[in-house]
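Quick note: the coordinates plus some simple rules give every number you see, no bench work behind them. What you see is a predicted model, and the numbers here were worked out from it, not measured in a lab. Here the Cβ positions follow ideal geometry from the backbone for every residue, glycine too, while neighbour counts run over all protein chains shown.
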Amino acid sequence: MNPVNYLYLAALLFTIGAAGVVIRRNAIVLFMCVELMLNACNLAFVTFSRLHGNLDGQIIAFFTMVVAAAEVVVGLAIIVTVFRSRHSASVDDASLMKL
Amino acid sequence: MSGALAAAASTTSTGEAVQFWVLGTVAVIGALCTILMRKAVHSALSLAGTMIVLAVFYLANGAYFLGVVQIVVYTGAIMMLFLFVVMLVGVTAADSLKETLKGQRWLAALCGLGFGILLCAGIGNASLKTFDGLGQANSGGNVEGLAALVFTKYVFAFEITGALLITAAVGAMVLTHRERTERARSQREQSEERVRTGKHVPPLPAPGVYARHNAVDIPGLLPDGTTSELSVNATLRGRGQVRDVSGEALAELAALEQRSERWLGRRKPEGTEAEGAEGAAGASEDAEHRKGAAK
Amino acid sequence: MENLIGLLVAAPLLGAAVLLCGGRRLDRTGHYLGTVLAGASFVIGAVLFADMLGRGEHDRALHSQVFSWIPVGGFRADVAFQLDQLSMTFVLLISGVGTLIHIYSIGYMEHDERRRRFFGYLNLFLAAMLLLVLADNYLLLYVGWEGVGLASYLLIGFWQHKPSAATAAKKAFIVNRVGDMGLSIAIMLMFTTFGTFAFAPVLANAEDASEGKLTAIGLMLLLAACGKSAQVPLQSWLGDAMEGPTPVSALIHAATMVTAGVYLITRSGAIFNAAPDAQAAVVAVGAVTLLFGAIVGCAKDDIKKALAGSTMSQIGYMILAAGLGPVGYVFAIMHLVTHGFFKAGLFLGAGSVMHGMNDEVDMRKYGGLRKYMPVTFVTFGLGYLAIIGFPGLSGFWSKDKIIEAAFAKGGTEGWILGGAALLGAAITAYYMTRVMLMTFFGEKRWEPAPDPDKAPSVEPGIEVRPGEMPHPHESPKSMTIPMVVLAFGSVFAGGLFSLNDAFLKWLEPVTGHSHGHSPLSAATVTAGTMVVLAIGVALAWAQYGRKPVPRTAPRGSLLTRAARRDLLQDDFNHVALVQPGRYLTRGLVYVDHKLVDGVVNGTAAGVGGLSGRLRKLQNGYARTYAVSMFGGTAVLIAATLLMRAV
């Protein structure tokens, strides 16, 4: 097996995550899908690291994790705040930004 | 693992191939479950599974440090944070999977399909016939290698991520913090007010006490067998998550009495006077009281 | 002395500013202020004149730089004055006759409640005209030129409550604008040709420039002169300009406006001398106009319009003379000055007659006025004798020279021009005699004043009771004195100028002079002039002196009827200019509505419709936006792959 297969898997997971972002309404699930996409990217980075024989890809993946952690913290805080005021976690309910 | 192969190999070991195909399937199924499960908790658990599989893949790819971090930080911390928020928002609230936006699904399917195919085409297009492997890079140890990079080449990015994390922590606090606009009343003041108004002078009834169910979402039963709303937390009441088992409990009790009487052979079913089992004494007394009141 | 030159212009300009900005508090004294300032200008002019006479013939010109107006790179326009003999002549004429008209207006406009404003405009008129003749470059001349146009507009339309006056003012302004366009083009051409438009360098270098350019400049200058001086084909405004108060007519015709064209051509003599084609055009215009004006003058029953035709004709003489080159410049100016005297006198006389006749202007309703208005009769009569060229009077000296110069042009051209000038002299004698006879001689044909409801009084302030017979009376002193002074000028100016060829010697250093070779001797020309003069007078006498004048005009011949309509000038303009202009405008409006608006509105509608559809994409749902981002990313990937594949 060629490690390129990991890349195909990463692409597949990323696509599934993106589709999830688009079709799910629950903000928490939406966030999970974003996490899935980030993880798919990480897998790709790690695979690239192996393909190229240096550790830079792993470093990038590491940074991605850090950023993802920060993003989740803030994102979930936003969800909690929105839920508090609207009693709903659906992203469709927050649709006031239109003409 | 088999990441430490000679440079410019073109295939991995068979073991890794088997592992890839098995765990890869699990990862895809987990991902699909994440987006298709109606309950957020299930989604979160499916995602956690996918992440663990990914951790294994990291290990297989020679990223030992990341593999561990993936499990500890991602699956351990971040997914728990998700579950925590799910708890705050409501575990039972299941999403309807019915699409409300017209054409959204079709568009999503179309875009997803196009995106996936194009991405795969891109990967297939790239000339990645051989790979170098991390044998050399990891020769001094994976963690040491990463550390050398983080503290030299990527030191500024590393410092900035530190700032980012602090900002995120402060941001989360600012977002969730609620300003208290009035002074909190002390316990003494609260009790004094209760006495003054004359309502609920004793403590509130405990939930689930007389119903043999020890759970906070089951209201306690009053001596007459009806439920006491006050015994359940106002939040649960507000969400409508009160599990009322009073009717159920009474029916169960009646059945038990009948069964015990038949077993003891003391009474015929036509006599409804009961002085049976100790556990149900209160409830039966309660029932008698009600009958008396009806007479 | 140089510093006084600026004061010449500044005095009336100050008067205009004070009178126009001063408000009501000046209503009672404003006209005196205006008159005094006009007089001051004349006194300064006289002082400068005396000073100039005291100097040698060739260093008489004074130059005064006031300030640098527009210094931009190679472009340099100064406010600077130049006072030479030619300018001096004009200054004296303008300020002298102008002052007399101011004095006359005190009486004439006595009852007009807007008299202060009238004097302000008069001062503005004087200031603009003085600026025009004193400028040392064409650009500053252009300022004065436009100022004259503005002041004439304001004064012709002074009784703006009358629609006819308002229309006449607009007509004068618009027709003048055509001429102004010519002047501005000429100035631009000068700048491209000579790099400057100051008189001295332009005129000094005129001979070096190519003849084509000079001809173009000359023709443009001629167009400008035609506009201001009411020459064919831009003559149509002059007759209508009679809608203004009579002093205005006198000012326009005698001292200020119409003389500007003659001044311009004389001043630009060097250009015309070097461009024979342009010069030929000038003489042609002059000759045609002198006959045109004379014929129109014959047919008019309105005393002012008859005089207006006469002005056109006399200016035609001057333009003709100016077009003859160095032979004629001096005589053009000389005729201009003498004409200034007698035409001002005639107009003031006409005003006086109207003043006494309830503002009646129709000569057929005059008659026998000589007994009632002796001073007016005598002064008007002297002006009449002067204009027809009665021997010894002013007009004789100047007009005779022009006719002589026309013959001196030589060849067939000379004969034609001389013939035209002679014919013009005959017709002049005829129509002026006609005016004289119909106004002051014969039986009374007076009619009661018209009902003001049907025909509103021409000049407000003069109370006329309907149905009242006119009581002709002599005008007040303030009106008669200027007439007397002007009559003196009409009688003696020409003789004085011709004494020892004084005027010729005076102007020669500026305009140059050459004696032409006339095929006829001077005596022959004079004799011929006398003969045609006698014929003209006799014809008029036969028609209007011997027989009583009919109260209503007879139908007349085709020529007469055409002449009554100003030889169809307005009809011609209407057909040749107004109608095509209207069609063009309509066409443009159609194109604007259909094509331009169509494109603009179509674009707007298209954008609006597209936006209306596109805005539905913004539905507020984050997921819809996410899908579009998703699709966009897919497209980007596709594009990247495509670019790599290619």
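Worth a mention:
- Under 5 Å between amide hydrogens, built in the peptide plane, is the criterion, and for B:Thr227 it picks out B:Leu222 among residues at least 5 positions away or on other chains.
- Residues A:His52, C:His355, A:His87, C:His102, sorted so that the one with the fewest Cβ neighbours within 10 Å comes first: A:His87, A:His52, C:His355, C:His102
- Distance between the stretch B:85-133 and the stretch C:41-92 - C-alpha centres, whole angstrom: 93 Å
- Peptide-level mean, for B:124-136, of C-beta atoms on other protein chains within 10 Å: 4
- Binning all Cα-Cα separations of the stretch C:322-373 at 5 Å, short to long from zero, yields these whole-percent fractions: 5, 17, 19, 15, 10, 9, 9, 9, 7, 1.
- If only the Cβ of Lys and Arg carry +1 and only the Cβ of Asp and Glu carry -1, the dipole of chain C around its Cα centre is close to 1980 debye.
- Scaled to the globular estimate 2.2 N^0.38 Å, the Cα spread of the stretch C:157-225, given as radius of gyration, is 1.52.
- Per-q log10 I(q)/I(0), the protein assembly as shown, q = 0.07 Å⁻¹ (Debye; single scatterer per alpha-carbon; no solvent): -0.70
- Couplings for the stretch C:159-172, taken from phi via the Karplus curve 6.51 cos²θ - 1.76 cosθ + 1.60 with θ = phi - 60°, read 8, 5, 5, 8, x, 5, 5, 4, 5, 4, 4, 5, 4, 4 Hz in order; Gly and Pro are left as x.
- Å³ per residue enclosed by the Cα convex hull of the stretch C:123-185: 54 Å³
- Inter-part distance where the stretch C:599-613 and the stretch C:238-275 are each reduced to a Cα centre, Å: 57 Å
- Rounded to the nearest 20, the size of the Cβ-charge dipole of the stretch C:167-261 about its Cα centre is 260 debye, with Lys and Arg at +1 and Asp and Glu at -1.
- Only helical runs count toward this figure. For chain C, summing -39,500 (n - 2.57) over DSSP H runs of n ≥ 4 and dividing by all residues gives -23000 deg cm²/dmol at 222 nm.
- 0 to 90° range, to nearest 10: angle between helix C:597-614 axis and chain C longest Cα axis: 20 degrees
- Rounded to the nearest whole Hz, the Karplus-based 3J(HN,Hα) values (6.51 cos²θ - 1.76 cosθ + 1.60, θ = phi - 60°) of the stretch B:152-160 follow the sequence 10, 5, 10, 5, 5, 4, 4, 4, 5, with x at glycine and proline.
- Residue by residue along C:628-638, Cβ atoms of other protein chains within 10 Å of the local Cβ number 6 on average.
- Listed peptides C:178-187, C:303-312, C:431-440 by packing density, highest first (mean Cβ within 10 Å): C:303-312, C:431-440, C:178-187
- The calculated pair-distance distribution of the stretch B:139-224 uses every alpha carbon pair, bins of 5 angstrom beginning at 0, and gives 3, 10, 8, 8, 8, 10, 8, 7, 6, 6, 7, 8, 7, 4, 1, 0 percent.
- Using the Karplus relation 6.51 cos²θ - 1.76 cosθ + 1.60 with θ = phi - 60°, the per-residue 3J(HN,Hα) values for the stretch B:9-18 come to 7, 10, 9, 9, 6, 5, x, 5, 4, 4 Hz, with x marking Gly and Pro.
- Debye-sum result for the stretch C:290-342 in log10 I(q)/I(0), which assumes one identical scatterer on each alpha carbon, at q = 0.23, 0.29 Å⁻¹: -0.79, -0.99
- Between the Cα long axis of helix C:138-156 and the first principal axis of chain C there is an angle of about 70°, rounded to the nearest 10.
- Computed magnitude of the charge dipole of the protein assembly as shown (debye, nearest 20; Cβ of K, R +1, Cβ of D, E -1): 1980 debye
- Amide H contacts under 5 Å for C:Val232, placed H, 5+ residues apart: C:Thr289
- P(r) tail for the stretch C:118-242: Cα pairs beyond 17 Å make up 59% of the total.
- Applying Stokes-Einstein at 37 °C and 0.692 mPa s to the Kirkwood radius of chain C, computed over alpha-carbon pairs, gives a translational diffusion coefficient of 124 µm² s⁻¹.
- Look at the Cα gyration tensor of the stretch C:568-646: its axes a ≥ b ≥ c give a/c of at least 1.5 with a/b at or below b/c, and that counts as oblate.
- Nonlocal amide H pairs with B:Ala9, under 5 Å, H built at 1.01 Å: B:Phe131
- Neighbouring partner chain Cβ atoms per residue of B:13-19, average, 10 Å criterion: 1
- The three principal axes of the Cα atoms in the stretch A:4-86 give end-to-end lengths of 50, 24, 9 Å, sorted in falling order.
- C-alpha long axis of helix C:622-645 to longest principal axis of chain C, angle in °: 90 degrees
- For the stretch A:40-95: span of alpha carbons on each principal axis (Å, largest first): 50, 18, 12
- Dividing the radius of gyration of the alpha carbons in the stretch B:19-130 by their Kirkwood radius gives 1.04 for Rg/Rh.
- Reported to the nearest whole Å, the Cα centre-to-centre distance from the stretch B:20-66 to the stretch A:46-99 is 17.
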